[in-house]
Amino acid sequence: MSLKEAQQFVAQFVSGDYTPEEYATFLQWLRGATLDELHAIADEHEAFQDKWSVPSTAPSPEWVAMLEGKLDELTSDVDETLDRYDEIPELGSVGIGKVRRIGTRRVWIAAASIVVILSVGTVVYLQGRHDGATINKGVVADEPADAASLLTAENAAGNGQKQVLLADGSKVWLNAASTLKYPAAFTGSERLVQLSGEAYFEVSESADKPFKVLIKDAEVEVLGTHFDIMAYENEPISKTTLIDGAVRLVSGSKPYELKPGEQALVRYGSGGTNGGAAGGSGQTTVKVSKVDAENALDWRNGYIDFTNADLQTVMRALTRYYNVEIQYPEITSSFEPFTGGLIVKEGLSHNLKIVLGYFGLHSKTNGKIVTVTR
């Protein structure tokens with residue numbers, strides 16, 4: 001969303017002619033807005049001042065907290081700039097005071113305007129009918145957003161890490177070829193997100209609002225903790241590794257409580273999509289064991305760790321990290337599992353040479369297609 005589109009949304013918001021999806025997009029834009037952009041939104045608000053209704057509820061606490069943090073940061077930037085002006089004698093103290101008052105006024109005009117928008121908007125966010133045609137004002141949802149209303153953070157194959165800041169202050173780091181779906185604001189009784197891929201979570205504590213991560217055929221629930229989840233759609237397993245705090249993984253109807261340093265490994269039944277997803281004739285199993293939890297975070301430091309990994313697992317990992325297609329149609333026999341670590345920044349050619357040397361194989365590269373041969 002551009003600044004112009006954000007200004008147009010304010011006019012739509014006043015008239016009630018908008019959808020939950022548009023409101024969610026606007027909130028996402030707010031999180032990256034500059035002070036000048038916030039001030040422009042404040043000006044737009046003032047232009048429609050006589051048309052605003054009195055808010056019927058308090059602003060969402062998650063979004064107010066986010067906004068306050070953002071304004072503190074912006075205010076700090078303004079103060080730092082003005083402090084540098086203080087060092088220029090030619091400007092004079094009177095002129096500096098005037099500039100400082102204007103800067104402060106701009107910040108809090110913007111703050112007041114955005115809080116008005118949030119206080120009205122959070123009560124209608126995601127409350128329209130599923131077709132998004134009407135808005136039911138004054139009712140707060142107690143259920144997660146539907147799929148069409150979720151924001152999506154995607155980190156494509158071949159990319160480095162991508163950080164996502166959620167409305168409650170929780171932080172998520174996405175690994176390559178990973179997708180996180182989440183609401184712009186947590187308005188219900190729980191904080192619900194969906195993950196496909198791998199991510200490291202630092203969850204803000206909230207005793208009365210649990211944080212849940214949906215992965216394929218399982219759910220991870222926490223109250224405030226640090227943990228890693230690997231759950232790619234094309235992998236036959238998923239791993240939830242607890243760094244500190246406490247989490248509970250639910251697969252089927254059975255819960256599994258994890259302690260720091262433990263990992264829940266979910267092995268999906270055979271016959272699923274992409275050679276690994278659950279839903280086939282086989283049975284999904286869960287195993288909780290003690291592990292070196294820091295190894296699960298090696299990807300954040302640029303390493304790819306393998307423990308007893310077969311050829312297919314290694315090739316899928318290289319595909320994600322380097323955004324290539326690796327083919328090996330003529331190779332049908334099994335090999336001894338591979339255990340070792342690769343350094344991502346060393347590049348595909350270097351790491352492929354190490355892996356293929358271990359398996360006794362060769363490769364030919366044509367653009368982004370790598371063909372593995374004997």
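Heavy atoms only, probe 1.4 Å: what % of the accessible area of the range 281-374 goes to carbon and sulfur, would you let me know? Whole-percent figure for carbon plus sulfur exposure: 47.
Measure up Lys239/Lys345; Lys171/Lys259; Lys216/Lys364; Lys181/Lys239 against 29 Å on the Cα-Cα distance and list the ones that go over. From Lys239/Lys345; Lys171/Lys259; Lys216/Lys364; Lys181/Lys239, over 29 Å: Lys216/Lys364.
Once the gyration tensor of the Cα atoms in the range 224-374 is diagonalised, the equivalent ellipsoid follows with semi-axes of 30, 19, 12 Å, ordered largest first. With K and R counted +1 and D and E -1, the other residues having a Cβ less than 12 Å from that of Thr365 yield a net charge of +2. Net charge of the neighbourhood of Thr332, taken over other residues with C-beta under 15 Å away and scored Lys/Arg +1, Asp/Glu -1, is -1. Summing Cβ point charges (Lys, Arg +1; Asp, Glu -1) relative to the Cα centre of the range 216-264 gives a dipole of roughly 120 debye.
Evaluated at q = 0.25 Å⁻¹, a Debye calculation over the C-alpha positions of the range 212-260 (equal weights, vacuum) places log10 I(q)/I(0) at -0.94.
The values are calculated or read from the model by the stated rules, or taken from the named source; none is laboratory data. Remember, predicted model here, so these are calculated numbers, not experimental data. Because the Cβ atoms are built from the backbone with ideal geometry, glycine has one as well, and the counts that use them run over all protein chains shown. Accessible surface areas use protein heavy atoms only, side chains included; no ligands, DNA or RNA. Shrake-Rupley method; radii C 1.70, N 1.55, O 1.52, S 1.80 Å.
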